[in-house]
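Taking it in order: structure first as structure tokens, then the write-up.
The values are calculated or read from the model by the stated rules, or taken from the named source; none is laboratory data. Values in this document were obtained by computation on a predicted structure and should not be read as measured data. No Cβ is skipped: glycine too gets one built from the backbone with ideal geometry, and neighbour counts run over all protein chains shown. Please note that ligands, DNA and RNA were not included when accessible areas were found on the heavy atoms of the full protein model with its side chains. Shrake-Rupley method; radii C 1.70, N 1.55, O 1.52, S 1.80 Å.
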Amino acid sequence: MSIRTVKQTLARVLAAANPEVDDLAFLLGQEGPEESQLIFDAADRTRRQFMGDGILLRGIVEFASFCRNTCFYCGLHAGNSRISRYRMSSAEILESVGKIAARGVRTVVLQSGEDDGLDPEWLANVVSHVKERFDIAVTLSVGERPQQDYALWRDAGSDRYLLKIESSDKALYESLHAGRRLETRLRCLFDLTTLGYQVGCGIMVGLPGQSLRHIAGDLLFFAESRFDMIGVGPFIPHPETRLRGEQPGSVALTLRTVALTRIVTKNTHLPATTALGSMSRDYRREGLLAGANVLMPNFTPLQYKKLYEIYPGKRCVSEPTGACSFCMEGLAESIGRIIDYSRGDSQLTHTTVPARS
Ligand code: SAM
């Protein structure tokens, strides 16, 4: 396939409001370095045009590792008895948020497994205290919950919610999540949007059974839904899961997916994910050069960080808490960009998640 065909396809995708799935799958499949570079360069130009050169920071606190789910890829799945589980107290969470704020980072992501022991009132209280004490945006990421919980947390002051769809293909999604339905995930995304949250979504690349057409379908889903943030990371097999023997997702395909996500969504915030930084080496720099504009320093206290093992080899689990934010300054500088210490709110006028239930 000639470079000319790649350029023509790229031009069609860049110009289209609703790109063709065949064009997206074709570009995703371009493994040659010259072809890939064309895609990365187009994404980088789009990123500069719509988002500028600033790299936003979202400080993450993984506050509990209990989970009722049995996702076949995740080390925190309910059946994994080999990990020690923890729940941070509200005082510990507030202390961690204090460290984020003291570093000048103005977003905290409070993440946990889908914890049956999570009392919605307790989390609402934590959010209220965070908002009282710190000038910081709060993103919650605690999975699928009833609409009234989302409403309670929104009333308490939460600004954003992160719920990755993992795959927008019903059969693929349901093959990885026993007993769970894609429609429930979509219903949650719809509820969150209706409640006025800035909504983050995302997928994993390289899931067993996932084809280029599946990923192209995810890109179309992103293009039509207009999320405020989209995380794209490689699948990393965990030894205590059903998928232990599978190959990890390809870095090159992940980077092309990040780039095409930028191209089709234009002004969505895209992190260079921690998973991308946890491969044979740290590929977040390449992510930032392929359309990403966000980094997520980890502020989980050291004693808990290594217990939140969603996949093995997670970046910086032995670094002192918050050290990542310093190293991110160096990373930004190395590619002629700067860390932007603003809140980094949504650039969209609205998010429209299609209700597909
Ligand atoms: N429970 C919340 C939820 O369901 O959204 C948030 C926690 S969940 C552990 C956070 C993310 O970890 C998932 O959305 C998934 O994309 C990612 N993850 C889990 N296992 C992974 C793996 N083996 N490789 C790469 N990413 C993984």
* Which residues, counting only those in segment 303-323, are in a helix (DSSP H, G or I), open to solvent by 10 Å² or more (accessible area, probe 1.4 Å) and touching a strand residue (DSSP E or B) at 6+ places or on another chain (Cβ under 7 Å)? -> Tyr304
* When both residues are 6+ apart or on different chains and their Cβ atoms are under 6 Å apart, which pairs have a first residue that lies in segment 125-154 and is within 16 Å of the ligand (Cβ to nearest atom), and a second that is in a loop (DSSP other than H, G, I, E, B)? -> Val138/Ser158; Val138/Asp159; Leu140/Ser158; Gly143/Glu114; Tyr150/Leu195
* Flag if Asp282 is over 29 Å from Leu76 (Cβ atoms), among the charged types (D, E, K, R) and assigned to a loop (DSSP other than H, G, I, E, B) -> no
* **Residue satisfying all of: in segment 157-170; touching a strand residue (DSSP E or B) at 6+ places or on another chain (Cβ under 8 Å) and away from the ligand (no atom under 15 Å from the Cβ); farthest from Phe72 (Cα to Cα) among these** => Gly157
* Asked: Ala272: under 24 Å from Asp41 (Cβ atoms), over 15 Å from the mean Cα position of the chain (by Cα) and not hydroxyl-bearing (Ser, Thr, Tyr), yes or no?
  -> no
* To do: Please go through segment 181-221 and pick out each residue that is farther than 21 Å from Asp149 by Cβ and among the aliphatic types (A, V, I, L, M).
  => Ile203, Met204, Val205, Leu207, Leu212, Ile215, Ala216, Leu219, Leu220
* segment 247-302 - residue that is open to solvent by less than 20 Å² (accessible area, probe 1.4 Å), in contact with a Phe, Trp or Tyr (Cβ under 7 Å, 6 or more places away or on another chain) and within 17 Å of Ala332 (Cα to Cα) and, of those, nearest to the ligand (Cβ to nearest atom) -> Leu276
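Residues checked against (1) open to solvent by 40 Å² or more (accessible area, probe 1.4 Å); (2) over 21 Å from Lys306 (Cβ atoms); (3) among the β-branched types (Val, Ile, Thr); (4) away from the ligand (no atom under 12 Å from the Cβ):
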residue: Gly75; (1), (2), (3), (4): no, no, no, no
residue: Gly79; (1), (2), (3), (4): yes, no, no, yes
residue: Met88; (1), (2), (3), (4): no, no, no, yes
residue: Gly98; (1), (2), (3), (4): no, yes, no, yes
residue: Val105; (1), (2), (3), (4): no, yes, yes, yes
residue: Val108; (1), (2), (3), (4): no, no, yes, yes
residue: Gln111; (1), (2), (3), (4): no, no, no, no
* Asked: Only one of (1) among the hydrophobic types (A, V, I, L, M, F, W, C); (2) away from the ligand (no atom under 16 Å from the Cβ); (3) open to solvent by 10 Å² or more (accessible area, probe 1.4 Å) fails for Phe66. Which number is that?
  -> (2)
* To do: Kindly state which strands (runs of 3 or more DSSP E) lie completely within segment 1-112 and contain at least 1 residues that are polar (S, T, N, Q).
  => 107-112
* Return only the number of the condition from (1) crowded, with 17+ Cβ neighbours inside 10 Å; (2) more than 13 Å from the ligand (Cβ to nearest atom); (3) of a type in the set (Ser, Thr, Tyr) that Tyr173 does not satisfy. => (2)
